[in-house]
Amino acid sequence: MTIPSRQDINVYDSLDERSACEHFLGKTLEQAEALFRESPLYYQGDMMWMGIAAFRYYLPAAVRYIRSEAADSDFVACFSGTLEFRLEYESKDLAPVAEQLVVLCDYVLEQWSRFEDGADAYGDIHTRYQTLRQTFLEMMSHDRA
């Protein structure tokens with residue numbers, strides 16, 4: 001996939017999408033990961049609002065960030081909310097990346113001791129990732145059927 005266009009990021013011309021476009025337009029995966037390292041929560045928010053094609057493109061950058069030593073419980077917790085939001089409104093559009101999302105959920109659950117400090121401020125994030133994992137697994141099985 002090529003770097004997302006302005007229309008891929010800013011689908012409905014909302015203020016949030018415009019902001020995501022300002023931050024991500026023309027960015028490679030490496031540059032997007034650098035944004036997450038610079039200000040994780042600030043740029044994580046853009047992942048919720050950018051168009052689905054852009055979200056799917058930048059997902060590997062977010063995953064690499066989560067797998068890095070720099071990631072913390074705040075980013076991981078907020079990203080669960082982004083995934084839940086996307087599932088609620090664009091579940092069919094997540095099918096192409098469902099396998100990547102299962103792997104991400106597996107990683108967070110396996111490495112939970114890294115993220116649990118401070119995560120309780122966001123509710124039961126561990127259970128939310130278990131639920132997300134199950135949902136993405138079901139999505140994969142339906143996609144293969």
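Derivation of every value follows stated rules applied to the coordinates shown; laboratory data play no part. A quick note: this is a predicted structure, and the numbers were derived from the prediction, not measured. All Cβ positions, even for glycine, are placed from backbone atoms using ideal geometry, and neighbour counts span all protein chains on display.
Between S14 and E38, what's the calculated FRET efficiency when r is the beta-carbon distance and R0 is 22 Å? Round to 0.05.
Values: r = 23 Å, r/R0 = 1.07.
According to the calculation, E is roughly 0.40.
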Run the quick spin-label model on T28 and Y122: label points 7 Å from Cα toward the beta carbon, then report their separation in nm to one decimal.
2.9 nm
Distance cut-off 15 Å, percentage of C-alpha pairs in region 86-135 lying past it
49 percent
With each run of n ≥ 4 DSSP H residues scored as -39500 (n - 2.57), what mean residue ellipticity at 222 nm is computed for the chain after dividing by its residue count and rounding to the nearest 500 deg cm²/dmol?
-23500 deg cm²/dmol
Could you tell me how far the Cα centroid of region 1-52 sits from the Cα centroid of region 90-145, in Å?
21 Å
Once P(r) over Cα pairs in 10 Å bins from 0, in percent is worked out from the coordinates, which option in [x] 13, 48, 35, 3, 0; [y] 11, 34, 31, 14, 6, 3, 1, 0; [z] 12, 43, 36, 9, 0 does it equal?
[z]
What are the principal axis extents of the Cα atoms in region 56-105, in Å, biggest first?
32, 17, 16
Along the dipole axis of the chain (charges at Cβ: +1 for Lys and Arg, -1 for Asp and Glu; origin at the Cα centre), the most positive-end residue among S5, Y65, G118 is S5
